[in-house]
1. Would a scan of region 333-356 turn up a residue that is in contact (Cβ under 8 Å) with a residue 12 or more places away in the chain and over 27 Å from residue 142 (Cα atoms)?
2. Do we have any residue at all in region 166-182 that's at pLDDT 90 or above, surrounded by 15 or more Cβ atoms within 10 Å (Cβ to Cβ), among the basic types (Lys, Arg) and farther than 16 Å from residue 82 by Cα?
3. Could you please find all residues in region 357-373 being over 27 Å from residue 284 (Cα atoms) and in contact (Cβ under 8 Å) with a residue 24 or more places away in the chain?
4. Examine region 129-139 for a residue that is part of a helix (DSSP H, G or I), surrounded by fewer than 19 Cβ atoms within 10 Å (Cβ to Cβ) and either touching a residue at least 12 places away in the same chain (Cβ under 8 Å) or among the hydrophobic types (A, V, I, L, M, F, W, C) (or both), and state whether such a residue exists.
5. I'm told residue 378 meets every condition in (1) crowded, with 19+ Cβ neighbours inside 10 Å; (2) within 21 Å of the chain's Cα centre (by Cα); (3) closer than 29 Å to residue 128 by Cβ except one. Can you identify the failing condition by its number?
6. Name the residue, out of 101, 93, that is within 24 Å of residue 71 (Cβ to Cβ) and either surrounded by fewer than 24 Cβ atoms within 10 Å (Cβ to Cβ) or of a type outside the set (Asp, Glu) (or both).
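The values are calculated or read from the model by the stated rules, or taken from the named source; none is laboratory data. Owing to the predicted nature of the structure, the values given are computational and were not obtained by experimental measurement. Counting neighbours? That spans all protein chains shown, and the Cβs are built from the backbone with ideal geometry, glycine included.
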Amino acid sequence: MTAPANRALLAGRVLAFVGIVLVAANLRTAVAALSPIVGRVSAEIPLSAVVIGLLGALPPICFAVFGIFTPMLVRRSRLEIVLIGCLVAIVLGHLLRGFAGSVGILVLGSVLTFAGIGVGNVLLPPLVKKYFPDRVGLLTALYVTTMSVSTFVPPLVAVPVADAAGWRLSLAMWAVVGVLALMPWAGILLRGSSQNPGAGVEDVRADVARSLWRSPLAWALAVVFGLSSLNAYAMFAWLPVLLEELTGVSDATAGSLLAVFAFMGFPAGLLIPLIAGRMRNVALLVYLAVALFIAGYLGLLLAPAALPGLWVGLVGLGPILFPLALVLINLRTRTHASAIALSGFVQSMGYFFGAAGPLAFGILYAITGGWTASLILMIVLALGGIGAGAVVARGRMLEDGA
């Protein structure tokens, strides 16, 4: 299923274009909004190191669990209806987090928000393939870049907003972004049109769905995606605390450095989807990411106070694996039904792997009383991307038994 190559970018699909961008803007705000102000939250709602580790692990756990069920939900309904449901969950979750009066409500709100995000994560690649089959690289770059912005803005503003209006508003205000994202998709449904006549969701071939569990391509993409997830969520959960202890910076400065970490995904999200499809050997991008992870963690391990911004920036560039995996989901499938199946598998397995990051990082810190073991673990795990890179470099399609 392809669209004419010369079709104008927004021809008949303005709402879908705006909707995809606004959905992407919701998929990371909750992840990075809490850790810079966790001390302020803990002053009112006591949070132990284990609870903080759990809150850091919730995003990838929820993304994995709810990502598994997303293809099933789409088969029973429509992409757009499932998407609206996930946005409603995100909005309600933000509000619960902001008005939480106990650890249980804070965790419940986080679960609800991250459940909606987990569904949205899986839906975006097939939505791009459905509405923009002629501009997959461009739209992937656009929405991954938007996700990067929604990742680095919350830690930048979390502390100032908490200073001015309290930590509750600092957490709850992101519900507004979810409400905005609902509008274009509600408009599409009210118009009774998907803005792309004839582009219904095909049923994924049964042999393709069954082959995912034994597909080298699917597992390699899951490892690539999971390596990015593991590092990202370990840093979102623990980087501010680590920097405050190792370098003596304030919570505001640590929050700014977390924003630096998140910002590095901006150029990666903009460039990687556009160049990956033109590269003969995308394994080089995986190997580059591994090298960046190792260099950044070695810097934090050996000379944390010397150039903390540089070390954080290097680690922040490692997740170039994230946009690479997303664009390869579309480039290695022929239909958006197969893209839904592969997206659900890769993101679910990848996020299960990624969920170990915050927990392992925090457990090692609790056991040893320092950060050395945690940083060494991240270096060792980064090496796991080398084998996966060789597999994803092959050009075969999922439907061909890759």
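1. Initial filter on region 333-356 (in contact (Cβ under 8 Å) with a residue 12 or more places away in the chain): 333-356.
From the residues that got through so far, the ones that are over 27 Å from residue 142 (Cα atoms) too are 356.
Yes - at least one qualifying residue is present in region 333-356.
2. yes
3. Filtering region 357-373 down to residues over 27 Å from residue 284 (Cα atoms) leaves 358-373.
Within region 357-373, 358, 359, 360, 361, 362, 363, 365, 366, 371, 372 meet the criteria.
4. yes
5. Every condition holds for residue 378 apart from (3).
6. 93
Here's the yes/no breakdown for (1) closer than 16 Å to residue 31 by Cα; (2) in contact (Cβ under 8 Å) with a residue 60 or more places away in the chain; (3) among the aromatic types (Phe, Trp, Tyr):
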position	(1), (2), (3)
230	yes, yes, no
236	yes, yes, yes
239	yes, yes, no
244	no, no, no
247	no, yes, no
251	no, yes, no
259	yes, yes, no
265	yes, yes, no
